[in-house]
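The values are calculated or read from the model by the stated rules, or taken from the named source; none is laboratory data. Please read these numbers as outputs of a predicted model, since none were measured by experiment. Reconstructed Cβ throughout: ideal geometry from the backbone, glycine too, with neighbour counts over all protein chains shown. These accessible areas exclude ligands, DNA and RNA; they are computed on the full protein's heavy atoms, side chains included. Shrake-Rupley method; radii C 1.70, N 1.55, O 1.52, S 1.80 Å.
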Amino acid sequence: LQKITFGPARLFRPLMWFDRLDPRDPLQLTEGVYGLRLRYDFQNNANIWLWGLYGNKDTKGWEGIPTKTGTPEFGGRLQHPLGNGEMAFTAHRRMVNQVGHLDSSDRIMTGKSIPENRIALDGMWDIGPGIWFETALIHASHGQSYPNWLSFLTVGMDYTFEIGSGLTIMGEHFSLTAGDAPYNPDTKTEISGIIFSYPLGIMDQLALFYIYNWDSKQSYQYISWQRTYDVLTFHISGFLSSRKQSIGINESLGSTGTSGIQLIIIFNH
């Protein structure tokens, strides 16, 4: 049971294939996956990953359909330096049950097993500001009752301004399309997000998130303050959404109510 994460995106992650990390979580905890992962690092800082997963019955990451019971999953990733940054190619394959019918309340599986293939490309560079991108394609032949293609794209940038102790601003824009062809413009979700973070001192960190869904015209605001001692960390946060429903991406940022306050006390031993 292990945590498998990769990719440079921070808010909206097309490469969130095996986890549901929440960018608001100070502990960065997520449910693990059962599998074997091998990683080899070369002397030029390139690295290659290979993995095989088995026994994961629930959906993970962006999955809407769980892996077919009793079947393994395989994949890999090649990451290589490029200029003053790096670029990586990732692929994964698993078996799922074909979706045969959709109604207003549930989906019905045909019982037929079909392969689902994923490929992705990502990169990040330091050109003064840091810039990065992630793009991914997921394909499975479900027919007319369920999207055969899911296409993801995130572009992002961050920069630390010499204001006080250093104000860091990070922004990302995310696009998700679903349909019978890759990057289908007929069914698109567009979401933008920006994070302001500022250290109030060596013990205190302040952060502000603002996320906006361009399709539903829905906004989400989140503010947090964290104070760190030798063995204790206090994390206080508050959030406010313009509507009651999810912001519209997935469970990592979708399980928010209308408003609330949260206190987390972390003890490090």
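Quick check on SER151: is it open to solvent by less than 30 Å² (accessible area, probe 1.4 Å) and not charged (D, E, K, R)?
Yes.
Are any of the residues in region 204-213 open to solvent by 30 Å² or more (accessible area, probe 1.4 Å) and under 22 Å from ILE119 (Cα atoms)?
No, the conditions are met nowhere in region 204-213.
Quick one: would you say THR30 is within 21 Å of the chain's Cα centre (by Cα), among the hydroxyl-bearing types (Ser, Thr, Tyr) and not in a loop (DSSP other than H, G, I, E, B)?
Taking the combined requirement at face value, the residue does not satisfy it.
Table: residues versus (1) touching a residue at least 60 places away in the same chain (Cβ under 8 Å); (2) among the aliphatic types (A, V, I, L, M); (3) open to solvent by 30 Å² or more (accessible area, probe 1.4 Å); (4) within 25 Å of GLU86 (Cβ to Cβ).
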residue	(1), (2), (3), (4)
PHE6	yes, no, no, yes
PRO14	yes, no, no, yes
ASP25	no, no, yes, no
VAL33	no, yes, no, yes
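Which one of ARG10, ARG37 is outside any loop (DSSP other than H, G, I, E, B), in contact (Cβ under 8 Å) with a residue 12 or more places away in the chain and open to solvent by 40 Å² or more (accessible area, probe 1.4 Å)?
ARG37
Kindly evaluate PHE234 against the criterion of being part of a strand (DSSP E or B) and more than 21 Å from the chain's Cα centre (by Cα).
Judged against the criteria, PHE234 is a match.
Every residue in region 136-154 that is at pLDDT 90 or above and either closer than 12 Å to ASN97 by Cβ or among the aromatic types (Phe, Trp, Tyr) (or both), please.
ALA140, TRP149, PHE152
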